[in-house]
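Novice: Okay, handing you the structure first.
The values are calculated or read from the model by the stated rules, or taken from the named source; none is laboratory data. Just so we're clear, the structure is a prediction, and the values are computed from it rather than from any experiment. Neighbour counts run over all protein chains shown; Cβ positions are idealised from the backbone, glycine included. The protein model used for the area step is the full one, side chains on, heavy atoms only, and it has no ligands, DNA or RNA in it. Shrake-Rupley method; radii C 1.70, N 1.55, O 1.52, S 1.80 Å.
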Amino acid sequence: MIDENKRPESMPRINTEALADQFIAEQVEKVKKQVGSRKVLLALSGGVDSSVVAALLIRAIGKQLVCVHVNHGLMRKGESEQVIKVFRDELNANLIYIDATDRFLDKLAGVADPEVKRKIIGGEFIRIFEEEARKLTDVDFLAQGTIYPDILESHGVKAHHNVGGLPEDLKFELVEPVKLLFKDEVRVVGSALGLPDGMVNRQPFPGPGLGVRCTGAITRDRLAALRESDAILREEFDRAGLTGKVWQFFTVVPDYRSTGVRNGKRLFDWPVIIRAVNTVDAMSVTVPELPWPLLKKITDRILAEVPGVCRVLYDLSPKAPATIEWE
Ligand code: XMP
């Protein structure tokens, strides 16, 4: 018997557009056969895997795919907007957009424990997804962006697409068209499907989003400082040609203030910490030697453009002992 979760040895590494086109054609046929005229539900985070699955299924079954994008208020600047632009406007997808910012931030108010924060974010995500699934009466399938490392490392449980926690009466048949692919292959398939570069080559972003970078109890002002400083960092890395050369980079805003002075007045504002790392597998990382003028430019821009910030730092810590994220 064929094990559907085992990559056949004869399967080629998908590293060219021609191989990707062939893979897409095969999967389109397979999905059409599996789904027929019924509907498929997908939690579309905007990450590489769920975006590629969405684009593939749109090609196979068009509006029979119902995408749900939950904005938990912890997305990076412009990310939810990009999901709507690409999928609703350009690919004409059946997309339900839920701005659940207030719901998440209200639940997270005053919660400082990192593990409790993670649980609240994951749990609330499943509840919102479940509510939407219950509103749709004619859906039989759930599509997931499971990829091969998920199967190898965690028995197919996709931590950051965590809709595996749905209640018993909402158990759908699964559609997992990229489950035998490695990440680099998913990206090649995404490009062949016409997804924008910024989406296909997106750096890793944790499921709890900016929530793990706004340390301690999340407040809206600190979250705004985090989102703006992160956007500045990404813009300047892009301009310096570092996007794609540095593996992961972002800012962190911790929950303590330090003294500063502005217009002759003493104040207490937040620091912004820059984190940039290079790695192969995220298990051990090194910190790149960034050009001094770039660090200075980012610092100047953050201090001038982001309210409530009086200090910018560069985290030089390797993993181990420091992890990539701060929480
Ligand atoms: P750490 O911080 O453990 O991170 O060195 C290793 C990689 O995993 C990402 N990360 C997460 N991804 N949910 C995720 O989906 C999480 O809770 C989570 N925590 C860390 C991190 O961004 C890095 O790429």
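Novice: Give me the pairs, please: first residue somewhere in region 305-326 and in contact (Cβ under 8 Å) with a residue 12 or more places away in the chain, second residue anywhere and within 16 Å of the ligand (Cβ to nearest atom) and basic (K, R), beta-carbon distance under 9 Å, and either six or more positions apart or on two chains.
Specialist: Y314/R275; D315/R275; S317/R275; I324/R275; E325/R213; E325/R275; W326/R213; W326/R275
Novice: Moving to a separate point now. Could you list, ordered by first residue, the pairs with Cβ atoms under 8 Å in which the first is in region 194-212 and on the phi > 0 side of the Ramachandran plot and more than 8 Å from the ligand (Cβ to nearest atom) and the second is modelled with pLDDT of 95 or more and of a type outside the set (D, E), at least 6 apart or interchain?
Specialist: As it stands, the answer is G194/A55; G209/H72; G209/L74; G209/M75; G209/R76; G209/I121, since those pairs meet every condition given.
Novice: So, one more: Name the residue, out of I302, I324, that is away from the ligand (no atom under 16 Å from the Cβ) and under 25 Å from the mean Cα position of the chain (by Cα).
Specialist: Selected residue: I302, the only one of I302, I324 that is away from the ligand (no atom under 16 Å from the Cβ) and under 25 Å from the mean Cα position of the chain (by Cα).
Novice: Can you work out which of the residues in region 240-252 that are open to solvent by 60 Å² or more (accessible area, probe 1.4 Å) and of a type outside the set (G, A, S) is farthest from A109 (Cα to Cα)?
Specialist: Filtering first and then ranking leaves K245.
Novice: Continuing with this model, one more query. Please determine, by comparing only the residues of region 16-57 that are outside any helix (DSSP H, G or I) and of a type outside the set (A, V, I, L, M), which one is nearest to the chain's Cα centre (by Cα).
Specialist: Only one residue tops the list, namely G47.
Novice: With without any contact (Cβ under 8 Å) to a residue 40 or more places away in the chain and either open to solvent by less than 20 Å² (accessible area, probe 1.4 Å) or not assigned by TED's automatic domain parsing to the domain that holds H72 (or both) as the only criterion, which of R220, R227, R266 stands out?
Specialist: Numbers: R220 fails: without any contact (Cβ under 8 Å) to a residue 40 or more places away in the chain; R227 fails: without any contact (Cβ under 8 Å) to a residue 40 or more places away in the chain.
Of R220, R227, R266, the one residue that is without any contact (Cβ under 8 Å) to a residue 40 or more places away in the chain and either open to solvent by less than 20 Å² (accessible area, probe 1.4 Å) or not assigned by TED's automatic domain parsing to the domain that holds H72 (or both) is R266.
Novice: Looking at F141, is it at pLDDT 95 or above and either out of contact with any strand residue (DSSP E or B) (no Cβ under 8 Å at 6 or more places or on another chain) or among the acidic types (D, E) (or both)? Walk me through it before giving the result.
Specialist: Numbers: at pLDDT 95 or above: yes; either out of contact with any strand residue (DSSP E or B) (no Cβ under 8 Å at 6 or more places or on another chain) or among the acidic types (D, E) (or both): no.
The answer is no for F141.
Novice: Continuing with the same structure: If the requirement is being of a type in the set (F, W, Y) and farther than 24 Å from V200 by Cβ, which of these qualifies: F104, F87?
Specialist: Details: F87 fails: farther than 24 Å from V200 by Cβ.
After applying the criteria, what remains is F104.
Novice: I've got another one for you. Output the number of the condition that K117 fails; it satisfies all remaining conditions of (1) of a type in the set (K, R); (2) farther than 30 Å from L223 by Cα; (3) at pLDDT 95 or above.
Specialist: (2)
Novice: Filter region 81-133 down to residues that are within 13 Å of C67 (Cα to Cα) and in contact with a His (Cβ under 6 Å, 6 or more places away or on another chain) and give me whichever is most open to solvent (accessible area, probe 1.4 Å).
Specialist: Y97
Novice: Within region 183-193, how many residues turn out to be within 16 Å of the ligand (Cβ to nearest atom) and open to solvent by less than 30 Å² (accessible area, probe 1.4 Å)? First the steps, then the outcome.
Specialist: Our first condition is that a residue be within 16 Å of the ligand (Cβ to nearest atom); within region 183-193, this holds for 183-184, 186-187.
Next, from what is left, pick out any that are open to solvent by less than 30 Å² (accessible area, probe 1.4 Å): 186.
Adding up the residues that qualify gives 1.
Novice: Out of curiosity, is F237 within 15 Å of the ligand (Cβ to nearest atom) and either open to solvent by less than 40 Å² (accessible area, probe 1.4 Å) or in a strand (DSSP E or B) (or both)?
Specialist: Details: within 15 Å of the ligand (Cβ to nearest atom): no; either open to solvent by less than 40 Å² (accessible area, probe 1.4 Å) or in a strand (DSSP E or B) (or both): yes.
Against the criterion (within 15 Å of the ligand (Cβ to nearest atom) and either open to solvent by less than 40 Å² (accessible area, probe 1.4 Å) or in a strand (DSSP E or B) (or both)), F237 does not qualify.
Novice: Here's a follow-up. What number of residues within region 272-293 satisfy the criterion of being away from the ligand (no atom under 16 Å from the Cβ) and more than 26 Å from D221 (Cα to Cα)?
Specialist: Start the filter on region 272-293 by keeping residues that are away from the ligand (no atom under 16 Å from the Cβ), which leaves 272, 289-293.
From the residues that got through so far, the ones that are more than 26 Å from D221 (Cα to Cα) too are 289-293.
Total satisfying the criteria: 5.
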